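Undergrad: Pasting a structure here, questions to come.
The values are calculated or read from the model by the stated rules, or taken from the named source; none is laboratory data. Being a predicted model, the structure only gives us computed values, none of them experimental. Methodologically, a virtual Cβ is constructed for each residue, glycine included, from the backbone with ideal geometry; neighbour enumeration extends over all protein chains shown. Areas reflect the complete protein model, heavy atoms only, side chains present, ligands, DNA and RNA absent. Shrake-Rupley method; radii C 1.70, N 1.55, O 1.52, S 1.80 Å.
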Amino acid sequence: QENLDREALDTVGIRNRNLYGNASYRGFLSDQTSLFAGLSVGLNRDDLSIESAPDLQQRLNGFHARFSLKPVWSDRFMADYGIEYLREYDQQRISHGEFTGSQDLGRGQTAAFAEANYFFSTDLALRVGLRTEHSGLLDQVSLSPRLTLAQKVSNNGQVSAAFGSFTQALGADFL
């Protein structure tokens with residue numbers, strides 16, 4: 001690759017290894033209550049070397065677990081509530097000659113949610129929900145409302161409008 005700082009070519013090497021897997025279970029506790037449990041795991045490693053720059057090694061490992069119950073109280077009214085946990089671990093190593101530096105950052109986020117679905121008809125539905133999250137890294141709690149109205153317009157289509165307040169965990173790039 002051409003180097004913009006000097007009149008020479010740099011040899012660039014990159015190696016990426018990525019592994020991802022997930023598993024889920026859906027079953028019924030009773031005729032009117034379903035259960036969902038899921039787990040996903042991701043492992044990523046990037047090794048980058050540029051002839052005229054420090055070598056960089058980055059890792060991002062994490063998992064996401066979710067458990068929810070969905071009771072159906074009538075033909076028109078059902079709920080969905082549960083918990084989630086997300087854990088990420090970032091690791092960066094940089095080396096150049098005798099110098100070696102590193103940064104490690106682990107963070108977890110716990111959430112609980114509840115939603116109610118009301119069906120005015122087979123074509124019109126309303127979903128109202130609330131989600132609370134706790135960021136372990138920032139030791140901060142947020143409360144987020146959710147609202148969705150959906151109208152079925154054909155056998156394979158619908159129009160929906162949604163409102164919500166959403167939060168996102170900070171990535172290692174921002175910390």
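Undergrad: Go through the stretch 95-115 and give me each residue that's in contact (Cβ under 8 Å) with a residue 24 or more places away in the chain and open to solvent by 80 Å² or more (accessible area, probe 1.4 Å).
TA: HIS96, PHE99
Undergrad: Scan ASP75, ASP90, ASP104 and give me the residue that is not polar (S, T, N, Q) and not in a strand (DSSP E or B). Walk me through how you get there before you give the answer.
TA: Values: ASP90 fails: not in a strand (DSSP E or B); ASP104 fails: not in a strand (DSSP E or B).
Answer to the check: ASP75.
Undergrad: Residues that are open to solvent by less than 50 Å² (accessible area, probe 1.4 Å) and in contact with a Gly (Cβ under 7 Å, 6 or more places away or on another chain): does the stretch 137-148 have at least one?
TA: yes
Undergrad: Are any of the residues in the stretch 36-51 within 29 Å of GLN151 (Cβ to Cβ) and either part of a strand (DSSP E or B) or without any contact (Cβ under 8 Å) to a residue 60 or more places away in the chain (or both)?
TA: There is at least one residue in the stretch 36-51 that is within 29 Å of GLN151 (Cβ to Cβ) and either part of a strand (DSSP E or B) or without any contact (Cβ under 8 Å) to a residue 60 or more places away in the chain (or both).
Undergrad: Let me ask something else. For the stretch 16-37, name all the residues that are open to solvent by less than 100 Å² (accessible area, probe 1.4 Å), within 14 Å of LYS70 (Cβ to Cβ) and of a type in the set (A, V, I, L, M, F, W, C).
TA: Those that are open to solvent by less than 100 Å² (accessible area, probe 1.4 Å), within 14 Å of LYS70 (Cβ to Cβ) and of a type in the set (A, V, I, L, M, F, W, C): LEU35, PHE36, ALA37.
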